[in-house]
Structure formats: structure tokens, C-alpha cells
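Each remark here refers to the structure printed beneath this line.
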Amino acid sequence: MTAYFDDLETRSADARAAAQLEALNANLARNGMAPLADLADLAALPVLRKSELSARQKANPPFGGLPVVNAVHIFQSPGPIYEPGGISHDWWRMGRFLNAAGIGKGDIVQNCFGYHLTPAGMIFENGARAVGAAVVPAGTGQTELQARAAHDIGVTAYAGTPDYLKIILDKAEAMGLALKITKAAVGGGALFPSLRQEYADRGIACLQSYATADLGNIAYESAAMEGMIVDEQVIVEIVTPGTGTPVAPGEVGEVVVTTLNPDYPLVRFATGDLSAVLPGQSPCGRTNMRIKGWMGRADQTTKIKGMFVRPEQVAQLVEAHSEIVRARVIATRDGEMDAMTVRIEATGGDAGAYARSVSDLLKLKGAIEVVAPGSLPKDGLVIEDQRKYD
């Protein structure tokens, strides 16, 4: 492992802007759009939202008419939205993050991101290959087998959601198995300070990235742990939620990302996430812009246990059962883990059937509470996030 993944991480602002403008104009041409004279002109282009992309894909499957090339995999995310995936070197740019997390040749990474339909597992596996690490394609669940594999194989690094590593560690301890994990690269959920400290107390350095299925890696922590450094192959804007208008420097707004990947050239893609730009540069020597990291959602879409839950999915649950009047998903914490309760206003019905529908439609399991019609607040919320992030 080297200090930096490549020379791009330490280039000057002028060199970065010139290279990004050239790559951007090439991708605009692929999308049939006119070139720009300056990166600042990007703010005048329309924003592409997930709802619009989903509608375009339904009308023109599978990628909505976008100029996708070299797709080796096709993934499905809630919506549904279909994303292409490639296998070329660091296609999702996750290798840059793993390198910053100290993972490289000689490491064995237990990859506990899902491989089924959604791309997270392949995103991190591609990144591990880019830094020369071996991979245990563990996926999710079967914690006892995960702990046994980590011990028997001599796993040195973990990749997955922040809270699942604790479950593996606790299971291994209960089984009397000593593990060699000293590094963790996490994403897909909030890394709470108390959990990071618990890992540190167990000799594990835990860093987090901010990535999406559509865009790959957007920003990542380095050992400096002062904000998240924006990836070299994306352009990040912070805009007023629901618009394409950039906010003043340092203000909180919605993250809009333009990827410079020629295989999947998304222009001004709205993530629905909130963040803000941090002034200055990282003490680690990387020179790109920094953001504060994930600061919540600009809409009601919420990530629970590493999976997005969207208002449209809650609506599908209501429609699936004639006796359901309304439903609300409530995200909470159970210790260091995410928990989900689905509160259902209904005139009766089978709670077990509701639970099966929740699992099928939301792709998650949660507690089911059936309440009388009129019990839920009439505040327009269908997803309520009660977790605290400070």
C-alpha cells in the first residue's frame, strides 16, 4: 500500500479543474449536450432525480436511454432503478477509499455487503481487487459462519455496514474465536462516534465512505478523519433541496453529483442526501474538496440497515392490503444497530401477512404495530427517522 492511490489525489486545483472540464465535456457530448466553458456553468444544467430516472427506465428499459457502454453487470435497487456495473480497474472508484483506509496487498477483506441484485458487494470487491487485497465474498447474514470464516481464513479487514462488524466480533467472542481484523471500511449507514470508538478500543481502525449504487464512490474518509474527501472522478455540488441552485459555501444542502465515468455518464444526479462543504484541505495531503459527510435526507427517503426505504415503497404496502388505511415506517436505534418499526393503521387483518409484505416490498424485516384508524399523526410523514446523529 502507498500513501496515495495515485497522483490525482495531490494535484493542484487548476490541474484538477482543467482535467475535469475536459472529461465533463466528453460526457456531455455522449449525452447529446453542448460543451461548457467553465465548471461553474454546470449549475445551469437540469438536475436528474431518481424518480425521473426510474420513469425514464420504465419507458426505455433498462437504462432510460442513457448512453451506457461496457456494462458487464446489471443491478436492481429499490424503485426499481437499474444500474450498470463494469469490471475494469476501480470502475466504482472504491479502491481509492480502501487505500486511504490502509487496505492493500496482503490483506484479506471479509466483504459483508450484499451481492444479491444490489451492487454494493461488487462495488467493494472491485475496489479490493484494485488495491491487491484478497476477498471473502461473505455477503450478509449467517453470522456464526461469518465469524468462523474470519477466524479460519485469517481475515484482516472488514467491509460492510457500520453495525454488522460488531455483531461478527461479538459472535466470535462468544464462540471463543480470536480474529485478526484491524481495519474496517464501512458505508451504507451512519457510523456513530460511540461505535467507532468501540472498534478503536478493540484495535480496529474504522473509516467510512459515502457512495451510491448509481454513482459509486462520492467521498471518503482518510486517516485524518476531518470530513470526507471528494473522489477525483466526480464533481459534487451542494444545492438548495429540490432545486439545482448551489447554496453559499458551507451551507447545508442537497448533494448533486456529476460522474466522469464514460461508461455511465450521469450529469447532475440528485442523491437526495444532505451535506455541506468543509473549507480548506485535508491534513492527509489530499487536495480535493471536502464535505462533512452524510447529514440526513433532503426528502423522506431513509437508509435503514444499509438499505434505502422510499415513500413509494410504503405506498405499495398500503395498496397491497385493502384493510390498511395508512402506514408509517419509523427508524430508531437498538444499541449500536438500526431498528425499524412499521406502524399500520388498519381495520383488522393479519399482522403476519403485513410482515411478509414489508419484507417483500421494503426488502427489510421490522416490528409490525397495528393501530386503529386515525391513530397516526396527520403530518404527511410516511417515513420518520428518530435516530440521532450528533
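The values are calculated or read from the model by the stated rules, or taken from the named source; none is laboratory data. Note that the coordinates shown come from a computational prediction; the quantities given were computed from them, not determined experimentally. So basically every Cβ, Gly included, is an ideal-geometry build from the backbone, and we count neighbours across all protein chains shown. With ligands, DNA and RNA removed, areas are computed over all heavy atoms of the protein, side chains included. Shrake-Rupley method; radii C 1.70, N 1.55, O 1.52, S 1.80 Å.
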So Thr259 ticks every box in (1) open to solvent by 10 Å² or more (accessible area, probe 1.4 Å); (2) polar (S, T, N, Q); (3) under 17 Å from the mean Cα position of the chain (by Cα) but one. Which box is left unticked?
(1)
Of all the residues that make up region 102-134, how many are crowded, with 24+ Cβ neighbours inside 10 Å, part of a loop (DSSP other than H, G, I, E, B) and within 17 Å of the chain's Cα centre (by Cα)?
3
Within region 156-166, residues of a type outside the set (S, T, N, Q) and in contact with an Asp or Glu (Cβ under 9 Å, 6 or more places away or on another chain) come out as Ala157, Ala159, Pro162, Asp163, Lys166
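Here's a check for you: in region 272-301, which residue that is part of a loop (DSSP other than H, G, I, E, B) and among the charged types (D, E, K, R) is most open to solvent (accessible area, probe 1.4 Å)?
Within region 272-301, the subset part of a loop (DSSP other than H, G, I, E, B) is 276, 279-289, 292-296, 298-301.
Subsequent filtering for residues that are among the charged types (D, E, K, R) retains 286, 292, 299.
Details: Arg286: 12, Lys292: 106, Asp299: 77 Å².
Ranking the qualifying residues of region 272-301, first place goes to Lys292.
For region 251-270, which positions are of a type in the set (A, V, I, L, M, F, W, C), farther than 14 Å from Trp92 by Cβ and touching a Phe, Trp or Tyr at 6+ places or on another chain (Cβ under 9 Å)? Lay out the reasoning, then the answer.
Taking region 251-270 as the starting set, the residues that turn out to be of a type in the set (A, V, I, L, M, F, W, C) are 252, 255-257, 260, 266-267, 269-270.
From the residues that got through so far, the ones that are farther than 14 Å from Trp92 by Cβ too are 252, 255-256, 267, 269-270.
Scanning region 251-270 gives Val255, Val256.
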Yes/no for Ala248 being open to solvent by less than 20 Å² (accessible area, probe 1.4 Å), without any contact (Cβ under 8 Å) to a residue 40 or more places away in the chain and out of contact with any Phe, Trp or Tyr (no Cβ under 9 Å at 6 or more places or on another chain)
no
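Can you name every residue in region 200-213 that is in contact with a strand residue (DSSP E or B) (Cβ under 8 Å, 6 or more places away or on another chain) and either without any contact (Cβ under 8 Å) to a residue 24 or more places away in the chain or surrounded by 22 or more Cβ atoms within 10 Å (Cβ to Cβ) (or both)? Outline the logic, then answer.
Initial filter on region 200-213 (in contact with a strand residue (DSSP E or B) (Cβ under 8 Å, 6 or more places away or on another chain)): 200, 204-213.
Hits for region 200-213 are Ala200, Cys206, Leu207, Gln208, Ser209, Tyr210, Ala211, Thr212.
Hey, which of the strands (runs of 3 or more DSSP E) in region 302-369, taking only ones fully inside, have at least 3 residues that are farther than 24 Å from Pro193 by Cα and open to solvent by less than 60 Å² (accessible area, probe 1.4 Å)? Please lay out each step first, then the result.
Numbers: elements: 302-304, 307-309, 324-334, 337-346.
It comes to 324-334, 337-346.
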Please enumerate the residues belonging to region 378-390 that are open to solvent by 70 Å² or more (accessible area, probe 1.4 Å), at pLDDT below 90 and not aromatic (Phe, Trp, Tyr).
Lys378, Asp379, Lys388, Asp390
Could you tell me which of the residues Leu36, Leu42 is hydrophobic (A, V, I, L, M, F, W, C), surrounded by 13 or more Cβ atoms within 10 Å (Cβ to Cβ) and not in a helix (DSSP H, G or I)?
Leu36
Residue that is surrounded by the most Cβ atoms within 10 Å (Cβ to Cβ) [pool: residues in region 165-185 that are touching a residue at least 60 places away in the same chain (Cβ under 8 Å) and outside any strand (DSSP E or B)]
Ile181
Return the only residue of Thr301, Thr287 being over 13 Å from Gly366 (Cβ atoms), over 20 Å from the mean Cα position of the chain (by Cα) and in contact (Cβ under 8 Å) with a residue 60 or more places away in the chain.
Thr287
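Which of the residues spanning region 72-98 are crowded, with 17+ Cβ neighbours inside 10 Å and hydrophobic (A, V, I, L, M, F, W, C)? If you could, list the steps in order and put the result at the bottom.
Here is the first cut: in region 72-98, the ones crowded, with 17+ Cβ neighbours inside 10 Å are 75, 77-79, 81-86, 90-98.
Within region 72-98, Phe75, Ile81, Trp91, Trp92, Met94, Phe97, Leu98 qualify.
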Output the qualifying pairs, or none if there are none: Cβ atoms under 7 angstrom, residues six or more apart or on different chains, first residue in region 353-368 and more than 17 Å from Met307 (Cα to Cα), second residue among the polar types (S, T, N, Q) and in a helix (DSSP H, G or I).
none
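How about region 140-164: which of its residues are of a type in the set (Gly, Ala, Ser) and open to solvent by 10 Å² or more (accessible area, probe 1.4 Å)? Before you say what the answer is, go through the steps one by one.
Taking region 140-164 as the starting set, the residues that turn out to be of a type in the set (Gly, Ala, Ser) are 141, 147, 149-150, 154, 157, 159-160.
Hits for region 140-164 are Gly141, Ala149, Gly154.
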Considering region 320-358 alone, what residues qualify as being over 12 Å from Ala372 (Cβ atoms) and among the small types (Gly, Ala, Ser)?
Ala320, Ser322, Ala327, Ala331, Gly335, Ala339, Gly349, Ala351, Gly352, Ala353, Ala355, Ser357
